[in-house]
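Asker: My questions will all concern the structure given below.
The values are calculated or read from the model by the stated rules, or taken from the named source; none is laboratory data. Everything quoted here is computed from the prediction, not taken from an experiment. Note that we place each Cβ from the backbone using ideal geometry, even for glycine, and neighbour counts take in every protein chain shown.
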């Protein structure tokens, strides 16, 4: 038993051949199993939806916007019939995104459903992969690990936007030290998914990145103004009017809690009430936010790799409305800590936890099938390892000061 824990602590089992072989196995199994499911269901998912089911919402919304009916995606009484006309046998997929995301999607409405889905996946994954390669500076290995990352499959199978979220979020963090204005533009573009960016202003304020904050704010204002020009003056009021429906969707489990990755969802599945689960979740979120701010304070001298990974992981923990495909946001966090570890050495259990986090979407999916949500456990474990690394760096700086 002692030898086992020693192996886990040092991560010697995670040699280069395994790092490259296991993802290939995962990728092959994913492709084969997905193909089998589609073939046995007449090219559809088991629920009768086409592949990339959530993309139905994006594509239908884009077509409505192109037809001059941009308000329709925000009015379920109109949007559901619009979807049924195109996909008679599928579930209804709501559109809770702000108007500038509708603008992002509009060009895809010119294509057929599967043509648009393919273009969306290729373009958004390419953007995410580019950022990941810039982080690691290892092209082939990074591309393999990114494609095989189980959260990538979840994103593709849902036709979702986690690739774009990761590209903008991690891209902004990567450019922050050298091109703060461009970083702010990327953070501004990320506001299409505001629940992921809650911690970003706090981190930037703690770090004193004023140019980035201004740039992000200006970008958001420009996006809002352009959406008004394109869609009309009332588009934002129509969008905001459905905010209560989004809250109800989470509170009532209209989107199944087992598909969510938050502590809130886990606690609801354990039988806690909305009030109690929310209280516990937001208490955890407050603690996470404090740790993020501490890591981003310049006087603590935490490396950009570690504080960026802390922010990426923390962003997933604090939002109560995160879905399993959003776990792709962990890809740049894993890449950042892997690069740092290869350069400066890994701390005990760090390599093993990185591998576990990489594989976690598979485990999350298996437990989801049993009606359970355990993603928050992996997120909290990863965050704890990241904060240990941050505290290690703080301690190293203090020791150097003392020695001088």
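Asker: When region 173-195 is examined, which residues are found to be closer than 30 Å to residue 38 by Cβ and assigned to a helix (DSSP H, G or I)?
Answerer: Scanning region 173-195 gives a single hit, 192.
Asker: Of everything in region 250-266 that's within 16 Å of residue 314 (Cα to Cα) and part of a loop (DSSP other than H, G, I, E, B), which residue is nearest to the chain's Cα centre (by Cα)?
Answerer: Ranking the qualifying residues of region 250-266, first place goes to 261.
Matching residues to (1) touching a strand residue (DSSP E or B) at 6+ places or on another chain (Cβ under 8 Å); (2) surrounded by 14 or more Cβ atoms within 10 Å (Cβ to Cβ); (3) closer than 23 Å to residue 292 by Cβ:
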| residue | (1), (2), (3) |
| --- | --- |
| 203 | no, yes, yes |
| 215 | no, yes, yes |
| 220 | no, yes, yes |
| 242 | no, yes, no |
| 254 | no, no, no |
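Asker: Let me ask something additional. Examine region 43-52 for a residue that is at pLDDT 85 or above, surrounded by 13 or more Cβ atoms within 10 Å (Cβ to Cβ) and assigned to a helix (DSSP H, G or I), and state whether such a residue exists.
Answerer: no
Asker: Out of curiosity, is residue 380 farther than 19 Å from residue 264 by Cα and out of contact with any strand residue (DSSP E or B) (no Cβ under 7 Å at 6 or more places or on another chain)?
Answerer: no
Asker: Then there's this: Test each condition in (1) touching a residue at least 40 places away in the same chain (Cβ under 8 Å); (2) assigned to a helix (DSSP H, G or I); (3) within 21 Å of residue 232 (Cβ to Cβ) for residue 170 and report the one that comes out false.
Answerer: (3)
Asker: Right, another one. From the list 111, 132, 117, exactly one residue is in contact with a helix residue (DSSP H, G or I) (Cβ under 7 Å, 6 or more places away or on another chain), surrounded by 22 or more Cβ atoms within 10 Å (Cβ to Cβ) and at pLDDT 95 or above. Which is it?
Answerer: Residue meeting the stated conditions: 132.
Asker: Out of the residues in region 196-211 that are closer than 17 Å to residue 321 by Cα and part of a loop (DSSP other than H, G, I, E, B), which is nearest to the chain's Cα centre (by Cα)?
Answerer: 197
Asker: Which residues, taken from region 366-393, are surrounded by 18 or more Cβ atoms within 10 Å (Cβ to Cβ), part of a helix (DSSP H, G or I) and touching a residue at least 24 places away in the same chain (Cβ under 8 Å)?
Answerer: Selection gives 368, 375, 376, 379, 382, 383, 385, 386, 387, 389, 390, 393.
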